[in-house]
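Here, each number is a calculation from the coordinates, and none is a lab measurement. Note that this is a predicted model, so its numbers are computed, not measured. Heads up, the Cβs are rebuilt from the backbone with ideal geometry, glycines too, and the neighbour counts pull from every protein chain shown.
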Amino acid sequence: MLGRNQLDNSPVFKGLKQPGRYITGNSGVLLAKVTGTKESYRHYTGVDAGMNSLLRPALYGVHHRVEAPFNKGRISKTNLCGRICENSDIFVRDIMLPELKEGDFVIFKDCGAYGYTMSSNYNGRPRPAEIVVDDGKVVCVKEKESPQEMLKKHFKGQDVTE
């Protein structure tokens, strides 16, 4: 309650609305670059994003749709994982995608709700850039964090340029 109406002394309320996942969920994607592949007891594809960029799969076991729109090769099964040294840093297991190689891109869909807001600097990783496309115009609203920006948070007032 903010106060009382001066005319009749009734309570005055002001509320903020949060649009929620239902409205914003499908409005964002996470673009990640393939950093390498590994054949073990399963096939793994590593990307330059991690659970610090998109926490929901590791935290809740949520599956985001994934596409490799620039690849038209043979379809095979892989496990998409991030660069954080945690066994939970796997975006999706046993997904069928075109064969990927270092330098290729994958798109994680439905990341509009809570993607950036849940991101962190966990394991010394920078938060990703945030890009908005509005009516065909591309605008960078948040640059990818630099190592210096990350250090400034912990060493306030000290020179961290080197």
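For the chain, the tally of Lys pairs with Cα-Cα distances below 20 Å comes to 20, considering only residues 8 or more apart or on different chains.
Fewest Cβ neighbours within 10 Å first, please rank Met118, Met96 accordingly. Let's see the in-between values first.
On the way: Met118 15, Met96 9.
The order, fewest Cβ neighbours first, is Met96, Met118.
Modelled spin-label separation between Lys14 and Leu151, with each label point placed 7 Å from Cα along the Cα-to-Cβ direction: 4.2 nm.
Look at where the Cα atoms of region 113-162 and of region 10-32 average out, and the two centres are 21 Å apart. Note on Thr35 and Arg4: the extension gain reaches 5.3 nm, defined as 0.36 nm multiplied by sequence separation minus the Cα-Cα distance.
Using only helices, what value at 222 nm comes out for the chain when you add -39,500 (n - 2.57) per DSSP H run of length 4 or more and divide by the total residues, to the nearest 500 deg cm²/dmol?
Working: 3 runs with 18 residues, N = 162.
Helix-only estimate at 222 nm: -2500 deg cm²/dmol.
Residues His43, His154 in ascending order of nearby Cβ atoms (within 10 Å, fewest first): His154, His43.
With a 10 Å Cβ neighbour count serving as the proxy for reagent exposure, in which order, fewest first, do Phe70, Phe91 appear? Before the final figure, lay out the partial values.
Numbers: Phe70 11, Phe91 27.
If I rank by nearby Cβ atoms, fewest first, I get Phe70, Phe91.
Over region 1-137, what is the mean sequence separation of C-alpha contacts under 8 Å (at least six apart), divided by residue count, expressed as relative contact order in percent?
Values: 259 pairs, mean separation 40.4, N = 137.
It rounds to 30 percent for region 1-137.
Only loop residues by DSSP count here, and only those with at most 12 other Cβ atoms within 10 Å; note down the trypsin sites (Lys or Arg not before Pro) in region 114-147 that meet that.
Values: sites: Lys137, Lys142, Lys144; in loops: Lys144.
Those that pass, being in a loop and sparsely packed, are Lys144.
Model label points for Glu143 and Asp48, set 7 angstrom from Cα along the Cα-to-Cβ axis, are 1.6 nm apart.
Considering all projection directions equally, how large on average is the shadow of the alpha-carbon convex hull of region 24-123, in square nanometres? Mind dumping the intermediate values first?
Details: hull surface 24.1 nm².
For the Cα atoms of region 24-123, the hull's average projected area reads 6.0 nm².
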